[in-house]
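Working notes, structure below.
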Amino acid sequence: MEDQKETTTGITTPTTVKVNSAAKKTLLTLNCLLLTIGTCVGPLIMRLYFIHGGNRVWLSSFLETAGWPFIIIILIILYFHRHITTKTTNFIYMRPRLFFTVAFIGIITGLDNYLYAYGVARLPVSTSSLIIASQLAFTAFFAYVLLKQKFTSYSVNAVVLLTVAAGVLALRTSGDQPEGESKKEYVMGFVMTVGAALVYGFLLPLIEVTYNKAKQEITYTLVLEIQMVLSFFVTMFCTVGMIVNNDLKVISREAAEFELGETKYYIILCASALIWQCFFLGAIGVIFCGSALLSGIIVSVFLPITEVLVVFYKEKFQAEKGISLVLSLWGFASYFYGEYKFTKKLKDATHSSQQSVELA
(Lines give C-alpha, C1' and ligand atoms only; values in the text may rest on other atoms or scores of the structure.)
Protein backbone atom coordinates (compact mmCIF):
# COMPACT_ATOMS: atom_id res chain seq x y z
CA MET A 1 0.00 0.00 0.00
CA GLU A 2 1.06 3.56 -0.57
CA ASP A 3 1.74 5.78 2.40
CA GLN A 4 -0.11 9.07 2.47
CA LYS A 5 1.34 12.46 3.28
CA GLU A 6 -0.64 15.46 4.42
CA THR A 7 0.62 18.92 3.50
CA THR A 8 -0.36 22.49 4.18
CA THR A 9 -2.30 22.36 0.95
CA GLY A 10 -4.93 20.37 2.78
CA ILE A 11 -4.62 17.59 0.19
CA THR A 12 -3.59 14.04 0.98
CA THR A 13 -1.20 12.95 -1.73
CA PRO A 14 0.00 9.44 -2.54
CA THR A 15 3.68 9.49 -1.74
CA THR A 16 5.60 6.50 -0.49
CA VAL A 17 8.15 7.50 2.09
CA LYS A 18 10.24 4.45 2.91
CA VAL A 19 12.69 6.54 4.89
CA ASN A 20 12.32 7.82 8.42
CA SER A 21 11.71 11.44 9.28
CA ALA A 22 15.38 12.19 9.92
CA ALA A 23 16.40 10.72 6.56
CA LYS A 24 13.73 12.73 4.76
CA LYS A 25 14.92 15.93 6.43
CA THR A 26 18.42 15.07 5.26
CA LEU A 27 17.12 14.61 1.71
CA LEU A 28 15.31 17.94 1.91
CA THR A 29 18.45 19.68 3.17
CA LEU A 30 20.55 18.11 0.41
CA ASN A 31 18.12 19.13 -2.31
CA CYS A 32 17.81 22.64 -0.89
CA LEU A 33 21.60 22.88 -1.08
CA LEU A 34 21.65 21.67 -4.69
CA LEU A 35 18.89 24.14 -5.61
CA THR A 36 20.74 26.96 -3.85
CA ILE A 37 23.98 26.25 -5.72
CA GLY A 38 22.15 26.15 -9.05
CA THR A 39 20.14 29.29 -8.31
CA CYS A 40 23.12 31.39 -7.25
CA VAL A 41 25.84 30.15 -9.59
CA GLY A 42 23.89 29.05 -12.70
CA PRO A 43 22.99 32.54 -13.98
CA LEU A 44 26.52 33.82 -13.27
CA ILE A 45 28.33 31.13 -15.22
CA MET A 46 25.86 31.39 -18.10
CA ARG A 47 26.38 35.16 -18.24
CA LEU A 48 30.17 34.61 -18.08
CA TYR A 49 29.91 32.70 -21.34
CA PHE A 50 28.01 35.52 -23.06
CA ILE A 51 30.04 38.51 -21.86
CA HIS A 52 33.34 37.02 -23.03
CA GLY A 53 32.38 36.26 -26.60
CA GLY A 54 29.84 33.42 -26.53
CA ASN A 55 26.60 34.05 -28.42
CA ARG A 56 24.93 30.66 -28.97
CA VAL A 57 21.58 30.71 -27.15
CA TRP A 58 20.62 27.15 -28.11
CA LEU A 59 23.97 25.87 -26.83
CA SER A 60 23.35 27.55 -23.47
CA SER A 61 19.86 26.03 -23.37
CA PHE A 62 21.37 22.62 -24.11
CA LEU A 63 23.88 22.96 -21.26
CA GLU A 64 21.13 23.50 -18.69
CA THR A 65 20.29 19.78 -18.77
CA ALA A 66 23.28 18.24 -20.58
CA GLY A 67 24.60 16.85 -17.28
CA TRP A 68 21.82 14.25 -17.06
CA PRO A 69 24.14 11.21 -17.66
CA PHE A 70 25.57 11.87 -14.17
CA ILE A 71 22.24 10.69 -12.74
CA ILE A 72 22.76 7.27 -14.36
CA ILE A 73 25.83 6.79 -12.17
CA ILE A 74 23.80 7.62 -9.06
CA LEU A 75 21.02 5.21 -10.10
CA ILE A 76 23.54 2.40 -10.66
CA ILE A 77 25.02 2.96 -7.19
CA LEU A 78 21.53 2.94 -5.65
CA TYR A 79 20.66 -0.24 -7.55
CA PHE A 80 23.64 -2.16 -6.16
CA HIS A 81 22.91 -0.78 -2.68
CA ARG A 82 19.31 -2.07 -2.87
CA HIS A 83 20.45 -5.37 -4.31
CA ILE A 84 22.89 -5.92 -1.44
CA THR A 85 20.68 -4.70 1.41
CA THR A 86 17.17 -5.76 0.33
CA LYS A 87 17.84 -8.13 -2.60
CA THR A 88 15.66 -5.87 -4.79
CA THR A 89 16.32 -6.50 -8.49
CA ASN A 90 14.30 -3.70 -10.08
CA PHE A 91 16.57 -1.29 -11.91
CA ILE A 92 13.83 0.89 -13.43
CA TYR A 93 10.71 1.87 -11.47
CA MET A 94 9.10 4.29 -13.89
CA ARG A 95 6.00 2.99 -15.65
CA PRO A 96 5.11 3.87 -19.26
CA ARG A 97 2.28 6.25 -18.29
CA LEU A 98 4.58 8.30 -16.09
CA PHE A 99 7.36 8.15 -18.69
CA PHE A 100 5.28 9.82 -21.40
CA THR A 101 3.99 12.44 -18.96
CA VAL A 102 7.53 13.35 -17.93
CA ALA A 103 8.62 13.40 -21.59
CA PHE A 104 5.91 15.98 -22.31
CA ILE A 105 7.03 18.08 -19.35
CA GLY A 106 10.56 17.81 -20.71
CA ILE A 107 9.52 19.44 -24.00
CA ILE A 108 7.92 22.35 -22.12
CA THR A 109 11.06 22.67 -20.00
CA GLY A 110 13.15 22.81 -23.17
CA LEU A 111 11.14 25.84 -24.29
CA ASP A 112 11.60 27.41 -20.86
CA ASN A 113 15.37 26.85 -21.06
CA TYR A 114 15.54 28.65 -24.40
CA LEU A 115 13.51 31.61 -23.16
CA TYR A 116 15.72 31.94 -20.10
CA ALA A 117 19.01 31.59 -22.01
CA TYR A 118 17.87 34.24 -24.50
CA GLY A 119 17.14 36.63 -21.63
CA VAL A 120 20.51 36.03 -19.95
CA ALA A 121 22.23 36.66 -23.29
CA ARG A 122 20.60 40.10 -23.60
CA LEU A 123 20.26 41.36 -20.01
CA PRO A 124 22.63 41.98 -17.07
CA VAL A 125 22.55 39.19 -14.48
CA SER A 126 20.95 41.47 -11.89
CA THR A 127 18.11 42.36 -14.25
CA SER A 128 17.41 38.84 -15.51
CA SER A 129 17.49 37.47 -11.95
CA LEU A 130 15.07 40.19 -10.88
CA ILE A 131 12.60 39.23 -13.59
CA ILE A 132 12.93 35.52 -12.83
CA ALA A 133 11.94 36.28 -9.23
CA SER A 134 8.42 36.89 -10.54
CA GLN A 135 8.15 33.11 -11.00
CA LEU A 136 7.11 32.91 -7.35
CA ALA A 137 3.85 34.75 -8.07
CA PHE A 138 3.23 32.48 -11.07
CA THR A 139 4.05 29.39 -8.97
CA ALA A 140 1.63 30.48 -6.26
CA PHE A 141 -1.10 31.09 -8.84
CA PHE A 142 -0.67 27.74 -10.60
CA ALA A 143 -0.34 25.94 -7.24
CA TYR A 144 -3.76 27.36 -6.36
CA VAL A 145 -5.25 26.34 -9.73
CA LEU A 146 -3.66 22.90 -10.13
CA LEU A 147 -3.16 21.80 -6.51
CA LYS A 148 -5.89 23.75 -4.68
CA GLN A 149 -3.10 25.16 -2.54
CA LYS A 150 -4.39 26.60 0.72
CA PHE A 151 -2.31 29.55 1.80
CA THR A 152 -1.68 30.24 5.47
CA SER A 153 -0.99 33.76 6.67
CA TYR A 154 2.71 32.83 6.84
CA SER A 155 2.94 31.55 3.26
CA VAL A 156 1.00 34.59 1.99
CA ASN A 157 3.37 36.83 3.93
CA ALA A 158 6.36 35.02 2.37
CA VAL A 159 5.02 35.42 -1.18
CA VAL A 160 4.26 39.12 -0.60
CA LEU A 161 7.66 39.86 0.95
CA LEU A 162 9.59 38.05 -1.78
CA THR A 163 7.54 39.78 -4.48
CA VAL A 164 8.15 43.17 -2.85
CA ALA A 165 11.85 42.30 -2.63
CA ALA A 166 11.89 41.82 -6.39
CA GLY A 167 9.96 45.07 -6.83
CA VAL A 168 12.55 46.97 -4.79
CA LEU A 169 15.23 45.78 -7.20
CA ALA A 170 13.15 47.10 -10.08
CA LEU A 171 13.80 50.64 -8.85
CA ARG A 172 17.21 50.59 -10.51
CA THR A 173 16.61 48.58 -13.68
CA SER A 174 16.36 51.64 -15.93
CA GLY A 175 19.47 52.48 -17.85
CA ASP A 176 21.11 49.05 -17.52
CA GLN A 177 21.05 48.28 -21.23
CA PRO A 178 24.43 46.69 -22.13
CA GLU A 179 26.73 48.62 -24.46
CA GLY A 180 26.45 47.76 -28.11
CA GLU A 181 23.01 46.22 -27.74
CA SER A 182 20.00 47.64 -29.55
CA LYS A 183 16.82 48.66 -27.77
CA LYS A 184 14.93 45.95 -29.66
CA GLU A 185 17.31 43.22 -28.43
CA TYR A 186 17.03 44.50 -24.86
CA VAL A 187 13.23 44.52 -24.98
CA MET A 188 13.17 41.04 -26.52
CA GLY A 189 15.44 39.81 -23.72
CA PHE A 190 13.08 41.31 -21.16
CA VAL A 191 10.00 39.73 -22.74
CA MET A 192 11.69 36.34 -23.12
CA THR A 193 12.74 36.33 -19.46
CA VAL A 194 9.22 37.16 -18.31
CA GLY A 195 8.05 34.24 -20.46
CA ALA A 196 10.63 31.99 -18.82
CA ALA A 197 9.39 33.00 -15.35
CA LEU A 198 5.80 32.28 -16.38
CA VAL A 199 6.59 28.84 -17.83
CA TYR A 200 8.76 27.89 -14.84
CA GLY A 201 6.02 28.99 -12.46
CA PHE A 202 3.71 26.56 -14.28
CA LEU A 203 6.23 23.70 -14.36
CA LEU A 204 6.79 23.42 -10.60
CA PRO A 205 3.13 22.74 -9.68
CA LEU A 206 2.81 20.56 -12.80
CA ILE A 207 5.59 18.31 -11.52
CA GLU A 208 3.87 18.06 -8.13
CA VAL A 209 0.62 17.15 -9.89
CA THR A 210 2.55 14.47 -11.79
CA TYR A 211 3.75 13.01 -8.48
CA ASN A 212 0.20 12.99 -7.12
CA LYS A 213 -1.35 11.42 -10.25
CA ALA A 214 1.42 8.91 -10.95
CA LYS A 215 -0.61 5.93 -9.66
CA GLN A 216 2.57 4.33 -8.37
CA GLU A 217 4.79 4.66 -5.35
CA ILE A 218 6.95 7.77 -5.42
CA THR A 219 10.37 7.17 -3.91
CA TYR A 220 13.50 9.27 -4.24
CA THR A 221 14.90 6.72 -6.68
CA LEU A 222 11.89 7.32 -8.90
CA VAL A 223 12.42 11.07 -8.51
CA LEU A 224 15.93 10.60 -9.90
CA GLU A 225 14.51 8.63 -12.82
CA ILE A 226 12.01 11.41 -13.48
CA GLN A 227 14.83 13.97 -13.52
CA MET A 228 16.89 11.82 -15.88
CA VAL A 229 14.04 11.33 -18.37
CA LEU A 230 12.96 14.96 -18.14
CA SER A 231 16.53 16.19 -18.73
CA PHE A 232 17.01 13.77 -21.63
CA PHE A 233 14.01 15.13 -23.51
CA VAL A 234 14.98 18.73 -22.74
CA THR A 235 18.45 17.99 -24.11
CA MET A 236 17.02 16.41 -27.27
CA PHE A 237 14.71 19.40 -27.78
CA CYS A 238 17.65 21.81 -27.48
CA THR A 239 19.86 19.61 -29.67
CA VAL A 240 17.37 19.97 -32.50
CA GLY A 241 17.51 23.73 -31.98
CA MET A 242 21.31 23.64 -32.08
CA ILE A 243 21.29 21.67 -35.33
CA VAL A 244 18.81 24.02 -37.00
CA ASN A 245 20.80 27.05 -35.79
CA ASN A 246 24.15 25.50 -36.86
CA ASP A 247 25.55 25.81 -33.33
CA LEU A 248 27.44 22.51 -33.61
CA LYS A 249 29.44 23.76 -36.57
CA VAL A 250 30.69 26.94 -34.91
CA ILE A 251 31.60 25.71 -31.40
CA SER A 252 35.27 25.10 -32.27
CA ARG A 253 35.57 28.52 -33.93
CA GLU A 254 33.84 30.24 -31.01
CA ALA A 255 36.18 28.47 -28.58
CA ALA A 256 39.24 29.68 -30.50
CA GLU A 257 37.97 33.28 -30.41
CA PHE A 258 36.79 33.22 -26.78
CA GLU A 259 38.29 36.11 -24.77
CA LEU A 260 39.34 33.92 -21.82
CA GLY A 261 40.97 31.30 -24.01
CA GLU A 262 39.92 28.01 -25.57
CA THR A 263 40.59 25.88 -22.47
CA LYS A 264 38.49 28.10 -20.20
CA TYR A 265 35.75 28.10 -22.83
CA TYR A 266 35.28 24.35 -22.50
CA ILE A 267 35.68 24.49 -18.72
CA ILE A 268 32.83 27.03 -18.58
CA LEU A 269 30.62 24.79 -20.75
CA CYS A 270 31.26 21.73 -18.56
CA ALA A 271 30.82 23.67 -15.32
CA SER A 272 27.56 25.14 -16.64
CA ALA A 273 26.18 21.66 -17.37
CA LEU A 274 27.07 20.45 -13.87
CA ILE A 275 25.74 23.52 -12.02
CA TRP A 276 22.42 23.56 -13.88
CA GLN A 277 21.94 19.84 -13.25
CA CYS A 278 22.25 20.63 -9.54
CA PHE A 279 19.52 23.23 -10.00
CA PHE A 280 17.01 20.93 -11.71
CA LEU A 281 17.73 17.95 -9.46
CA GLY A 282 17.36 20.15 -6.39
CA ALA A 283 14.10 21.65 -7.68
CA ILE A 284 12.28 18.36 -8.20
CA GLY A 285 13.81 16.94 -5.02
CA VAL A 286 12.43 19.82 -2.97
CA ILE A 287 9.00 19.24 -4.56
CA PHE A 288 9.23 15.58 -3.50
CA CYS A 289 10.28 16.36 0.08
CA GLY A 290 8.26 19.56 0.43
CA SER A 291 6.12 21.26 -2.22
CA ALA A 292 6.22 23.19 -5.50
CA LEU A 293 5.66 26.42 -3.58
CA LEU A 294 8.66 25.73 -1.33
CA SER A 295 10.82 25.10 -4.41
CA GLY A 296 9.71 28.42 -5.89
CA ILE A 297 10.37 30.24 -2.61
CA ILE A 298 13.92 28.90 -2.39
CA VAL A 299 14.63 30.09 -5.94
CA SER A 300 13.32 33.56 -5.09
CA VAL A 301 14.94 33.87 -1.67
CA PHE A 302 18.42 33.40 -3.08
CA LEU A 303 17.93 36.03 -5.78
CA PRO A 304 19.62 38.70 -3.60
CA ILE A 305 22.64 36.40 -3.18
CA THR A 306 23.00 36.40 -6.95
CA GLU A 307 22.62 40.18 -6.84
CA VAL A 308 25.56 40.34 -4.41
CA LEU A 309 27.71 38.03 -6.53
CA VAL A 310 27.27 40.16 -9.65
CA VAL A 311 29.92 42.52 -8.22
CA PHE A 312 32.39 40.15 -9.89
CA TYR A 313 30.95 41.34 -13.20
CA LYS A 314 31.31 44.98 -12.11
CA GLU A 315 27.57 45.44 -11.67
CA LYS A 316 26.92 47.87 -8.82
CA PHE A 317 25.36 46.75 -5.55
CA GLN A 318 22.99 49.57 -4.62
CA ALA A 319 21.18 50.07 -1.32
CA GLU A 320 18.01 48.70 -2.94
CA LYS A 321 19.69 45.30 -3.27
CA GLY A 322 20.52 45.29 0.44
CA ILE A 323 16.88 46.06 1.29
CA SER A 324 15.79 43.29 -1.08
CA LEU A 325 18.10 40.84 0.69
CA VAL A 326 16.55 41.64 4.09
CA LEU A 327 12.99 41.33 2.73
CA SER A 328 13.80 38.01 1.06
CA LEU A 329 15.31 36.52 4.21
CA TRP A 330 12.28 37.75 6.17
CA GLY A 331 9.94 36.07 3.70
CA PHE A 332 11.97 32.86 3.81
CA ALA A 333 11.86 32.82 7.64
CA SER A 334 8.11 33.51 7.58
CA TYR A 335 7.44 30.51 5.35
CA PHE A 336 9.47 28.10 7.45
CA TYR A 337 8.01 29.39 10.70
CA GLY A 338 4.56 28.70 9.29
CA GLU A 339 5.65 25.18 8.31
CA TYR A 340 7.06 24.66 11.82
CA LYS A 341 3.79 25.73 13.47
CA PHE A 342 1.78 23.51 11.11
CA THR A 343 3.97 20.48 11.86
CA LYS A 344 3.82 21.16 15.60
CA LYS A 345 0.03 21.44 15.42
CA LEU A 346 -0.19 18.06 13.65
CA LYS A 347 2.07 16.44 16.25
CA ASP A 348 0.06 17.90 19.12
CA ALA A 349 -3.19 16.71 17.54
CA THR A 350 -1.76 13.22 17.01
CA HIS A 351 -0.44 13.08 20.59
CA SER A 352 -3.81 14.23 21.98
CA SER A 353 -5.60 11.61 19.89
CA GLN A 354 -3.30 8.87 21.18
CA GLN A 355 -3.90 9.95 24.79
CA SER A 356 -7.66 9.84 24.24
CA VAL A 357 -7.43 6.31 22.88
CA GLU A 358 -5.32 5.19 25.84
CA LEU A 359 -7.79 6.69 28.33
CA ALA A 360 -10.68 4.99 26.55
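Couple of notes before you dig in:
- Residue in segment 271-288 that is under 18 Å from Ala133 (Cα atoms), open to solvent by 70 Å² or more (accessible area, probe 1.4 Å) and at pLDDT 75 or above present: no
- Qualifying residue in segment 254-264 (condition: open to solvent by 30 Å² or more (accessible area, probe 1.4 Å), touching a His at 6+ places or on another chain (Cβ under 8 Å) and in contact (Cβ under 8 Å) with a residue 12 or more places away in the chain): yes
- Only residues that are touching a helix residue (DSSP H, G or I) at 6+ places or on another chain (Cβ under 6 Å) and assigned to a helix (DSSP H, G or I) were counted in segment 257-268, giving 3.
- Any hit, segment 197-219, residues being in a loop (DSSP other than H, G, I, E, B), among the β-branched types (Val, Ile, Thr) and touching a Ser or Thr at 6+ places or on another chain (Cβ under 9 Å): yes
For every residue, the table says whether it meets (1) open to solvent by 20 Å² or more (accessible area, probe 1.4 Å); (2) in contact (Cβ under 8 Å) with a residue 60 or more places away in the chain.
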site	(1), (2)
Ala22	yes, no
Leu34	yes, yes
Gly38	no, yes
Trp58	yes, yes
Leu78	yes, yes
Leu115	yes, yes
Ser129	no, yes
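- Inside segment 141-167, residues that are part of a loop (DSSP other than H, G, I, E, B) and surrounded by fewer than 16 Cβ atoms within 10 Å (Cβ to Cβ) make up a count of 3.
- Hits in segment 287-303 - residues which are of a type in the set (Gly, Ala, Ser) and under 11 Å from the mean Cα position of the chain (by Cα): Ala292, Ser295, Gly296, Ser300
- Taking the criterion of being of a type in the set (Asp, Glu) and under 16 Å from the mean Cα position of the chain (by Cα), the only residue of segment 204-222 that qualifies is Glu208.
The values are calculated or read from the model by the stated rules, or taken from the named source; none is laboratory data. Source: prediction; values computed, not measured. For neighbour counting, all protein chains shown are included, and Cβ atoms are generated from backbone atoms with ideal geometry for every residue, glycine included. The accessibility values were calculated without ligands, DNA or RNA, using every heavy atom of the protein model including side chains. Shrake-Rupley method; radii C 1.70, N 1.55, O 1.52, S 1.80 Å.
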